[in-house]
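Since the structure comes first, as structure tokens, the remarks are kept for the end.
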Protein chains: 2
Amino acid sequence: MKIGLDILGGDFAPEATVKGAILASKQLSEDQKIVLIGDQAIAKRYIEQAGENPAFFDYVHAPDSIGMGEHPTKAIAQKPDSSISRGFQLLKEGKIDSFASAGNTGAMLVGSVLSVKTIPGVMRPAIATNVPKIKSGFGILLDVGANADCKPEMLPQFGLLGSLFAEHVYGITNPTVGLVNIGEEEEKGNALTLAAYPLMRENGRINFIGNIEGRELFDEKADVMVCDGFVGNVVLKLAESFYVLTRKKGFQDPFFDRFNYEQYGGSPILGVNAPVIIGHGISSPEAIKNMVLLSKTMIESDIIEKIKRAFN
Amino acid sequence: MKIGLDILGGDFAPEATVKGAILASKQLSEDQKIVLIGDQAIAKRYIEQAGENPAFFDYVHAPDSIGMGEHPTKAIAQKPDSSISRGFQLLKEGKIDSFASAGNTGAMLVGSVLSVKTIPGVMRPAIATNVPKIKSGFGILLDVGANADCKPEMLPQFGLLGSLFAEHVYGITNPTVGLVNIGEEEEKGNALTLAAYPLMRENGRINFIGNIEGRELFDEKADVMVCDGFVGNVVLKLAESFYVLTRKKGFQDPFFDRFNYEQYGGSPILGVNAPVIIGHGISSPEAIKNMVLLSKTMIESDIIEKIKRAFN
């Protein structure tokens, strides 16, 4: 198994990324290799400084990096030697089994669609994020930013993508699917959700339980929560700001602690032909470690084959 | 001044509404009368039980009520003797200067548009809610549910409605206006926000400061935050669920305390020809009191005339 990691992505790269890779490596077996993509000399230096053996990792030299503010499509095209471009090249060629980066989200999205491509039958890939549930565990919210505007037909697909991820990666049996909406009743909503509701209800492959409102996202009501990427992105960032505030104010609580993005390892892009994970820009070594471990779990779960079969 | 209050609206009506009216009355001068609309006998009984003088209030008997789950348009049409229908009748006839209810939101919206009508020039009225700011004070978010789907041209109008309310009711000088969006840059967004952005920038009557993301709603960045009613409603309910959680978990903090809907008196419908306020369904006497006091402030501020002039 080869787990690809962009060591130049994220606000605290490459120090945080290399340190995270070292932390992750201690939980991997010998045949599970992390492939460090980025400036090779820097990577080795950090590893030696940490008193670790550089031979434990694989390296692919990519000296260039794509900045957070760069235009995704342009950057991918114009910077073939960037760690993100090189990562997707390797992923496409099968030289790595997954690719993760805490860098430019748009570049990760464009890169994945251009290189490993969208799985046949999937209209548009979606970015999924985990949502802590009040009682315990996590649910999944998607899309949180890949598709600002959605067609109604995309929402049941997001429901299925999320369900497969919930089942095979999170181990949730027969996950429930809810449509994020502004009322409980079927006749509530905007044009998108009104059109999507019957499609979701009639989709025999998801366990659709109806609408869920903004106040119910953390309830047990639905394991998979589906919305367009605009609503999902606003929700994600709003929830994050609450978490940051509770931390700043010194509130300690197991539920709020589960909002900590360091613990869950990033947001997978679901619906492309390989495991691809986007990390939070401010990823710490701990967050990078968990992103590598989530990559491993995604590879082991064979989630991509399961999605391919479901959409075939 | 006649402040209309539906005493049959809300989960804890009529006890909470009448008690709230009593609390409010203690802060009103003699020429500021609360008009209690609903079952007259019940109202008087509660007032006497509280040891207060029933003569301090005006009464309009309306024995029927519109339930929370009822279809707004049907209920308004079929229940002329309901407290909400009667309230709007009085408002239309100028017998009350404002109307507030913690009852069926849809019925309040439909009732206001059918009775006092939309202000000429306003495309669609919007429901505004206040948003606590981390440093201090409040901002305004609109629309939070009147218009699930919006045309781009509606968003600068919401910005102007919110600005006038912020200025004349909240006393914020030259309020800043932000567009709720999924990125800072002008080229980020969905079809609606992409089209609305230039319209807002070019609108000389609002102090537009650009996009604000989900994580920035509580920052000082914008006093008035504009979005479609779908996004606003999801945001409102999500934020509320966070507040409820912090309370359940016993967190005490001045910022989180400012989320308490009891304190701010409900959500005005902006863009109709009279002050109309919708209270939270679970309104306590304290919440009702503040809804009555907000009604008074809206009447005193002459906000409706100011909106009419701005849209003329």
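The values are calculated or read from the model by the stated rules, or taken from the named source; none is laboratory data. If you're wondering where the values come from, they're calculated on a predicted model, not measured in any experiment. Here Cβ is always computed from backbone atoms with ideal geometry, including for glycine, and neighbour counts include all displayed protein chains. These area figures cover heavy atoms from the full protein model, side chains too; ligands, DNA and RNA do not enter into them. Shrake-Rupley method; radii C 1.70, N 1.55, O 1.52, S 1.80 Å.
Out of everything in region B:185-198 that is assigned to a helix (DSSP H, G or I) and touching a strand residue (DSSP E or B) at 6+ places or on another chain (Cβ under 9 Å), what residue ends up being farthest from residue A:150 (Cα to Cα)? Full working, then the answer.
Initial filter on region B:185-198 (assigned to a helix (DSSP H, G or I)): B:191-198.
This time we only want the ones that are touching a strand residue (DSSP E or B) at 6+ places or on another chain (Cβ under 9 Å), so: B:193, B:196-197.
Values: B:193: 14, B:196: 18, B:197: 20 Å.
Filtering first and then ranking leaves B:197.
Please work out if residue B:240 is surrounded by fewer than 22 Cβ atoms within 10 Å (Cβ to Cβ) and at the interface with chain A (Cβ under 7 Å from one of its Cβ atoms). Walk me through how you get there before you give the answer.
Working: surrounded by fewer than 22 Cβ atoms within 10 Å (Cβ to Cβ): yes; at the interface with chain A (Cβ under 7 Å from one of its Cβ atoms): yes.
Criteria met by residue B:240.
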State whether the residues of region A:273-283 include one that is over 26 Å from residue A:34 (Cα atoms) and either within 9 Å of chain B (Cβ to nearest Cβ) or in a loop (DSSP other than H, G, I, E, B) (or both).
-> no
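Right, residue A:201: within 25 Å of residue B:243 (Cα to Cα) and assigned to a helix (DSSP H, G or I) or not?
On the way: within 25 Å of residue B:243 (Cα to Cα): no; assigned to a helix (DSSP H, G or I): yes.
The answer is no for residue A:201.
Determine which member of the set B:118, B:73, B:129 is over 25 Å from residue A:185 (Cβ atoms) and of a type in the set (Ser, Thr, Tyr). Please lay out each step first, then the result.
Working: B:73 fails: over 25 Å from residue A:185 (Cβ atoms); B:129 fails: over 25 Å from residue A:185 (Cβ atoms).
None of the others qualify; the one that does is B:118.
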Collect the residues in region A:106-144 that are over 23 Å from residue A:256 (Cα atoms) and within 12 Å of chain B (Cβ to nearest Cβ), keeping them in residue-number order.
-> A:106
Identity of the residue in region A:183-204, open to solvent by 70 Å² or more (accessible area, probe 1.4 Å) and under 22 Å from residue A:161 (Cα atoms), that ends up farthest from the other protein chains (Cβ to nearest Cβ) = A:204
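Here are B:144, B:113: which of them is in the same structural domain as residue B:228 (by TED's automatic domain parsing) and either part of a loop (DSSP other than H, G, I, E, B) or surrounded by fewer than 24 Cβ atoms within 10 Å (Cβ to Cβ) (or both)? Outline the logic, then answer.
Values: B:113 fails: in the same structural domain as residue B:228 (by TED's automatic domain parsing).
Only one candidate passes the filter, namely B:144.
So that you can scan it fast, the table gives a plain yes or no per residue for (1) within 19 Å of the chain's Cα centre (by Cα); (2) open to solvent by 30 Å² or more (accessible area, probe 1.4 Å); (3) within 14 Å of chain A (Cβ to nearest Cβ):
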| site | (1), (2), (3) |
| --- | --- |
| B:232 | yes, no, yes |
| B:254 | no, yes, yes |
| B:259 | yes, no, yes |
| B:262 | yes, yes, no |
| B:270 | yes, no, no |
| B:291 | yes, no, no |
| B:299 | yes, yes, no |
Among what's in region B:211-230 and is closer than 16 Å to residue A:237 by Cβ and part of a strand (DSSP E or B), pick the residue that is nearest to the chain's Cα centre (by Cα).
-> B:225
Take region A:116-136 and flag every residue that is closer than 23 Å to residue A:215 by Cβ, part of a loop (DSSP other than H, G, I, E, B) and open to solvent by less than 30 Å² (accessible area, probe 1.4 Å).
-> A:133
